[in-house]
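Since every read-out is calculated from the coordinates, none of them should be taken as a lab result. Since the structure is predicted, the reported quantities are computational estimates derived from the model, not experimental observations. We place every Cβ from the backbone using ideal geometry, glycine too, and count neighbours over all the protein chains shown.
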């Protein structure tokens, strides 16, 4: 079975400060990890993914995430937050070894960036 | 990338009626996925739709309640049958591009409210 945990329902950060949105996962095989963002009344937009290679992956809008195998984590980060980053963020995982095409999503973290 | 057109974008329906949601992709895809996002919750996979075969439903979802059609490689429909207020959710279709550039693309979603 595969699962994802996003321990924080909401993260508040001041504009210009660094932000971190946490994600931990559990899979039997190799993890394929994704971050998606959802703006109000919009569908989900892809931010970045880790499948293999460099543990630090860079994605859209200045976001990055670090794959940590020992801690089974894939935290989303940005060095300097913008008010426009305020949205709902989802972490997702797929088991690369026989997990089929099914993505399992976390419960989401609401990011609020304030002036 | 993939452009996914989903309609209707929102609807308000009466209890006991049915609604069919359409999903059109701008290119041929083998599998299409239907997700549900209940208020304040994460995405839950309803079923996987393959062209030319019956959809594969996840635990807790049945064909009588959520019949799916997949007449060709670019189109699918999801029907929410005999609706109740508990069916009020956002319904999202998606497609997965596997391989080195793997990512799941989402339609903009259908906001369904059942009175």
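Kirkwood Rh, region B:46-102, all Cα pairs: how many Å?
On the way: mean 1/r = 0.0784 Å⁻¹.
Answer for region B:46-102: a Kirkwood hydrodynamic radius of 12.7 Å.
Note on chain A: with a GNM built from Cα contacts shorter than 10 Å, the maximum mean-square fluctuation among A:85, A:54, A:95 falls on A:54. Mean separation of Cα pairs under 8 Å and 6 or more residues apart, divided by the residue count, gives region A:52-115 a relative contact order of 25 percent. For the protein assembly as shown, the Kirkwood hydrodynamic radius from C-alpha pairs, put into Stokes-Einstein at 25 °C and a viscosity of 0.890 mPa s, yields a diffusion coefficient of 135 µm² per second.
In this simple spin-label approximation, residue B:54 and residue B:97 carry label points 7 Å from Cα along the Cα→Cβ vector, and these lie 3.3 nm apart. Taking 0.36 nm per residue of separation and subtracting the current Cα-Cα distance, fully stretching the chain between residue A:107 and residue A:52 would add 17.4 nm. Computed from the Cβ-Cβ distance with R0 of 25 Å, the FRET efficiency linking residue A:64 to residue B:111 stands at 0.20. For chain A, the calculated P(r) over all alpha carbon pairs, in 5 Å bins from 0 to the bin holding the longest distance, is 2, 13, 24, 25, 20, 10, 5, 2, 0, 0 percent. Normalised by the number of residues in chain B, the average gap of Cα pairs under 8 Å and 6 or more apart makes the relative contact order 36 percent. When chain A is treated as a GNM with alpha-carbon contacts under 10 Å, the residue of A:82, A:56, A:48 showing the greatest mean-square fluctuation is A:56. For the options A:92, A:81, A:65, a Gaussian network treatment of chain A with springs between C-alpha atoms closer than 10 Å singles out A:81 as fluctuating the most. Fully extending the segment from residue B:13 to residue B:73, taken as 0.36 nm per residue of separation minus the present Cα-Cα distance, adds 18.7 nm. At full extension, residue A:5 and residue A:45 could sit 12.5 nm farther apart than now, given 0.36 nm per residue minus the alpha carbon distance.
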